[in-house]
Amino acid sequence: MKGLVLSGGSGTRLRPLTFTGAKQLIPVANKPIIFYGIEALVNAGVKEIGIVVGATAEEVNTVVGDGSRWGVSVTYIHQEAPLGLAHAIKISRDFLQDESFIMYLGDNILKNGIRDFVTQFQHDQPNALILLTEVTNPQDFGVAVIDESGAVKKLIEKPKEPPSNLALVGVYLFDQAIFTAIDHITPSWRNELEITDAIQWLLDNDCRVLSHRVKGWWKDTGKPDDIIEANLLVLEGINPCEKGTCIDTEVTGRIHTGKGSSIEKSIIRGPVIIGENTKIINSYIGPFSSIGDDAVIENSEIECSVIMQGARISNVQKRIDRSIVGKNVVIRVNDRSPRTHKFIIGDQSYLEIIR
């Protein structure tokens, strides 16, 4: 069984972070989001993974590599434009050939992986198996109607009046019948080949489509608040590991510090992860914070936030909370200056000043 990870798309809901990088490479607990999907596939026994890439192909290739770090082989498949999930499958046929395969959206994180999902597919041998979870806002998702046995009866994309609260998570298992289905559907009003249309074609043509419920939590990291929430959820299960040094520092709770990091005259409240070669001086790092490699935080307070690689934060008098700070961002307060604000901010940024 092969794996297909989708890592295209422009990530418009995560701008400005995605102006300079792929959304699937944004770190959650100091690990690129796409790594969680790859690891889920590897843990389920997949040895060959195709990654569908678009405009950020070079960056994804640089970060993910050839798959050797996980003991698998990775093949990159270029999608000319984000033309739909079914289109991504269609252009991957040479890689997938006639084998069953798992399609995993690269911005999803599942706490308990997909091993049980794969086991059900192998046991029941349907034409398609879809992963579902209950949501409070089904109108924002593809929604499934299932019978008592879990067989899928109908799919509806973002219904105004949802017939159920069971949303498609973004992980699918298919046999070769999906290629026939895709050949028989046409682009939607969005000019995309929709995977829900392809699965509905399977249903309309007497193919077996079954469902599997998510066990544990699932997170789609498509928006900034989702990144912060996913970071929180992952850090809840973090294992303590202290490879850095702490001097005159009060530490409580579970913390993970990388090699070469140093913490001086600070307070750390876990769960917290701190990257390699990072310096924290006279600061407070509160629960559910991720501090990336090569960052410097001095005379500042951080809590429940994602601070990326190379960020510099100094002399910030109010606590930074539930925030995302991008790579190499500089935030500093100069007490010697007049009572003014000075900003250099990229397109579509969000800045909130609370007095």
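Brief remarks follow.
- Ellipticity estimate at 222 nm from DSSP helix runs (n ≥ 4, -39,500 (n - 2.57)) divided over the chain, nearest 500: -5500 deg cm²/dmol
- Calculated on the alpha-carbon coordinates, the convex hull of the chain measures out at 149 cubic angstrom per residue.
- For the stretch 238-332, the Cβ-based charge dipole about the Cα centre amounts to some 200 debye (Lys, Arg positive; Asp, Glu negative; other atoms uncharged).
- Packing rank of 148-158, 255-265, where each peptide gets the mean count of other beta carbons within 10 Å, highest leading: 255-265, 148-158
- Under 5 Å from the amide H of residue 281 lie the amide H atoms of 264, 297, 298, 299, each residue being 5 or more positions distant or on a separate chain, with H modelled from the backbone and absent for Pro and chain starts.
- Extending 7 Å from Cα along the Cβ direction at residue 225 and again at residue 176 yields two label points whose distance is 4.6 nm.
- Residues of type lysines that residue 90 reaches as a straight line, Cα spacing below 16 Å, ignoring anything fewer than 8 places off in the same chain: 2
- The separation of the stretch 21-38 from the stretch 68-140, counted between C-alpha centres, amounts to 17 Å.
- Rounded if a/c under 1.5, otherwise prolate or oblate - the stretch 140-269, Cα gyration tensor axes: prolate
- Dipole orientation for the stretch 2-234: of the candidates 137, 25, 101, 25 has the Cα lying most toward the positive pole (charges on Cβ; Lys, Arg +1; Asp, Glu -1).
- Here the translational diffusion coefficient of the stretch 216-338 follows from Stokes-Einstein with Rh set to the Kirkwood radius across Cα pairs; for 37 °C and 0.692 mPa s it amounts to 230 µm²/s.
- Size of electric dipole in the chain: Cβ of Lys, Arg +1 and of Asp, Glu -1, about Cα centre, debye, nearest 20: 1220 debye
- Under the criterion of Cα pairs below 8 Å and six or more residues apart, the relative contact order for the chain equals 13 percent.
- Computed FRET value (nearest 0.05) for residue 139 with residue 184, which takes r as the C-beta separation and R₀ as 35 Å: 0.80
- Candidates 218, 178, 85 compared by Cα position along the dipole of the stretch 2-234: farthest toward the positive end lies 218, with charges placed on Cβ.
- The stretch 110-199 shape via C-alpha gyration tensor axes, a/c threshold 1.5: oblate
- Whichever lysines have a C-alpha closer than 17 Å to that of residue 259, once near sequence neighbours (fewer than 8 apart) are set aside: 31, 243, 279
We did not get these values from a lab; they are worked out from the coordinates using the rules stated. Only a predicted model underlies this, so the values are computations on that prediction, with no experimental measurement involved. So basically every Cβ, Gly included, is an ideal-geometry build from the backbone, and we count neighbours across all protein chains shown.
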